[in-house]
Every structure is written in C-alpha cells, then in structure tokens.
Amino acid sequence: QVQLVESGGGLVQPGGSLRLSCAASGFTFDYYHVGWFRQAPGKEREGVSCISVSDGSTYYTDSVKGRFTISKDNTKNTVYLQMNSLKPEDTAVYYCATSPIYMRKYCSSILSEYDYWGRGTQVTVSS
C-alpha cells in the first residue's frame, strides 16, 4: 500500500545532468520528510539530501552542495533531485525514503529515522 518509486537514473558523462523522481503512492508527503540517499559499491549508504515538510528547509551533504537541488511538487506527490555537474564519484544507487514528522521537526541524514524506502535507481557517471 505504501510505496515509493524512484525513476530518472541512467548513464551520463561527467559534467552532465540527471533529474531523479520519487513518487509516492498509498500516502502523501504531507506528514513526512523526504530524503535522498545513495550507496556506491563497497561503501555504506549515505545521506545526500532531504527536504523538511515543516518549512521546506533542505539539507545537502558537502560533496553535492551547489550541484544538487531537492524539490517537492505537492500536486504530483513527487520529490525530485536535480543533479548537475555530475562526477564519477556520484555513481551509486540512489534511494528516496521518508521520515515521519513526529520524530523530529526537521529532516536529517540519519538512516534509522527513515521508515519507508524505495527500491532505488542506478546512476552511473562515466566517459
């Protein structure tokens, strides 16, 4: 019933752009923060960005700051991650996930705070 579906991944050259989408079904984002995470081969899953439902404030990990932008379209019940100036080190499976607002007022990059997860979409940055 509760489902998150990521899309928009693919193969792109360094310096290129991709726009990831996270669509929710079975619920709305009205009471959930939404985060984007990624996991590269041999590495732990890390928080990339998140957007708070309370006031729309955002978080970005330092490595993507200035290059990635998270946004939300409440009408479409979809959260986006615009990724520009992509680098090979951005290669990973990207996941979206939700964190209920009752846990904390603003979103965080703490994995344990996120309850529902999508299956992920592959992003490969290579020449």
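Table: residues versus (1) exposed (fewer than 12 other Cβ atoms within 10 Å of the Cβ); (2) closer than 21 Å to ARG119 by Cα; (3) among the aromatic types (Phe, Trp, Tyr).
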| residue | (1), (2), (3) |
| --- | --- |
| GLY9 | no, yes, no |
| SER25 | yes, yes, no |
| THR28 | yes, yes, no |
| TYR32 | no, yes, yes |
| ALA40 | no, yes, no |
| GLY47 | no, yes, no |
| SER57 | no, no, no |
| SER63 | no, no, no |
Inter-residue pairs, beta-carbon under 7 Å, first farther than 16 Å from SER85 by Cβ and in a loop (DSSP other than H, G, I, E, B) and in the range 62-73, second open to solvent by 70 Å² or more (accessible area, probe 1.4 Å) and among the charged types (D, E, K, R), 6+ apart: none
Could you please find all residues in the range 65-83 being open to solvent by 60 Å² or more (accessible area, probe 1.4 Å), among the β-branched types (Val, Ile, Thr) and closer than 12 Å to ILE51 by Cβ? THR69
Being assigned to a loop (DSSP other than H, G, I, E, B), at pLDDT 95 or above and either touching a Gly at 6+ places or on another chain (Cβ under 8 Å) or open to solvent by 40 Å² or more (accessible area, probe 1.4 Å) (or both): is that true of LEU86 here? yes
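Just wondering, is there one or more residues in the range 43-52 that are closer than 15 Å to LYS76 by Cβ, at pLDDT 95 or above and either assigned to a loop (DSSP other than H, G, I, E, B) or not acidic (Asp, Glu) (or both)? Before the answer, list the steps.
Kept after step one, since they are closer than 15 Å to LYS76 by Cβ, are these residues of the range 43-52: 51.
Adding the requirement that they be at pLDDT 95 or above leaves 51.
From what's left, either assigned to a loop (DSSP other than H, G, I, E, B) or not acidic (Asp, Glu) (or both): 51.
Looking for residues that are closer than 15 Å to LYS76 by Cβ, at pLDDT 95 or above and either assigned to a loop (DSSP other than H, G, I, E, B) or not acidic (Asp, Glu) (or both), one finds at least one in the range 43-52, hence yes.
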Say whether the condition of being at pLDDT 95 or above, in contact with a Pro (Cβ under 8 Å, 6 or more places away or on another chain) and over 26 Å from TYR106 (Cβ atoms) is met by at least one residue in the range 18-36. no
A careful count of residues in the range 53-93 that are more than 16 Å from GLN13 (Cα to Cα) and touching a helix residue (DSSP H, G or I) at 6+ places or on another chain (Cβ under 8 Å) gives 7
Which residue, of TYR102, TYR106, is exposed (fewer than 13 other Cβ atoms within 10 Å of the Cβ), among the aromatic types (Phe, Trp, Tyr) and in a loop (DSSP other than H, G, I, E, B)? TYR102
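The values are calculated or read from the model by the stated rules, or taken from the named source; none is laboratory data. This one's a predicted model, so the numbers in the text were calculated from it and none came from an experiment. Cβ coordinates were reconstructed from backbone atoms using ideal geometry, including for glycine residues, and neighbour counts include every protein chain displayed. For the accessible areas, the whole protein counts, side chains as well, though only heavy atoms, and no ligand, DNA or RNA atoms are used. Shrake-Rupley method; radii C 1.70, N 1.55, O 1.52, S 1.80 Å.
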